[in-house]
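This report refers to the structure that appears directly beneath it.
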Amino acid sequence: MTLAQNLADRLAEVDRRIADACRRAGRSRGEVNVIAVTKYMAADEAIRLVEAGIVHIGENRWPDAREKAEKLAGRATLHFIGTLQSRKVRHVVGRFQYIHSLDRLSLAEEIETRAAALGLIVPCFLQVNVSGEATKHGVAPEELFRLAEGLRGLPHVRPVGLMTMAPHESDPERTRPVFRELRRLLAELNARAIFDHELTELSMGMSNDFEVAVEEGATWVRLGSVLAGQAGSAGDGSEGAPASGDGERSGE
């Protein structure tokens, strides 16, 4: 089997699993987008994913993403899914179309400054640490609404939804309460009408648990190992392991 055929088969299997999860939940397959996490892939491997039909590429750290961002510009929609340090905002805004890890007002202000200078509006997900794990990052659920209030005066930062990382569980069913709570928080955020628009997106679910996430309302799933032929692997680090070196953290 050729490399291209092997990749096509993996993509088809992921699509089938998402479609089955949508069917169980009474949803349309078109409601769910796949972000291919390419943290440990070379630029040429990421290009092969795009050539195979992947539209969305996710990266965790700017130093690893630099070459891919250059080669994939205009060919794919780029998502920054790892923790973003304020000093790296100048590299990310203008190159990545989405930021999935907005978790503090100071970061939002940096994004606002850079986006305003470039004449851009940046779609952002507010990252929530639903599980409360010390190894996970994001705003605490009880602080989410205060963060949201602080964003109202930043016209170049556009919240579109919420993001979370569930614990890695041998039984994916155990992640369901985390995903269900993120969906509830999104509903409450909209009910409070903090923003002048409805937030519709839920970025949640990885290779180990994406089917449960889809059943609970995910509109974006972040997949690494299952696309690399290592479905369910917890050790490859492509989706959940903390990043090292400069203090940035993984966003799956």
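Laid out as a table, the results:
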| read-out | value |
| --- | --- |
| Cα-derived Rg over Rh, computed across segment 43-188 with Rh taken as Kirkwood radius | 0.98 |
| Mean Cα-pair separation over length for the chain, i.e. relative contact order, pairs under 8 Å, 6 or more apart, % | 21 |
| log₁₀ of I(q)/I(0) at q = 0.20, 0.25, 0.28 Å⁻¹ - segment 174-227, Debye sum with one point per alpha carbon | -0.68, -0.90, -1.03 |
| Sulfur and carbon atoms: percent of accessible area, the chain [1.4 Å] | 48 |
| Residue-span extension gain [A73 to E143] - 0.36 nm each, minus C-alpha spacing | 21.7 nm |
| Rg(Cα)/(2.2 N^0.38 Å) for the chain, N = residue count | 0.95 |
| Listed residues M204, M163, M41, most fluctuating in the chain (Gaussian network, C-alpha, under 10 Å) | M41 |
| Square roots of 5 times each gyration tensor eigenvalue, C-alpha, segment 30-78, largest first, Å | 17, 12, 9 |
| Spatial separation of Cα centroids for segment 140-196 and segment 3-20, in angstrom | 29 |
| Straight-distance crosslink candidates among lysines, where the alpha carbon sits under 28 Å from K71 and sequence neighbours closer than 8 are dropped | K39, K88 |
| Per-selection Rg to Rh, segment 1-105 - Cα, Kirkwood hydrodynamic radius | 1.02 |
| Zone of D44's modelled label, taken as backbone nitrogen in segment 201-226 under 17 Å from a point 7 Å along Cα→Cβ | none |
| For peptides 78-86, 105-113, sequence by mean Cβ density within 10 Å, most packed first | 78-86, 105-113 |
| Sparse-neighbourhood loop sites, trypsin sites (Lys or Arg not before Pro) in segment 99-194 - DSSP loop, at most 13 other Cβ within 10 angstrom | R152, R192 |
| Candidates T77, T135, T38, ranked by Gaussian network fluctuation over the chain, Cα under 10 Å, top entry | T135 |
| Taking the C-alpha atoms of segment 1-58, convex hull volume expressed per residue in Å³ | 83 |
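The values are calculated or read from the model by the stated rules, or taken from the named source; none is laboratory data. Keep in mind the model is a prediction, meaning the values are calculated, not measured. No Cβ is skipped: glycine too gets one built from the backbone with ideal geometry, and neighbour counts run over all protein chains shown. These accessible areas exclude ligands, DNA and RNA; they are computed on the full protein's heavy atoms, side chains included. Shrake-Rupley method; radii C 1.70, N 1.55, O 1.52, S 1.80 Å.
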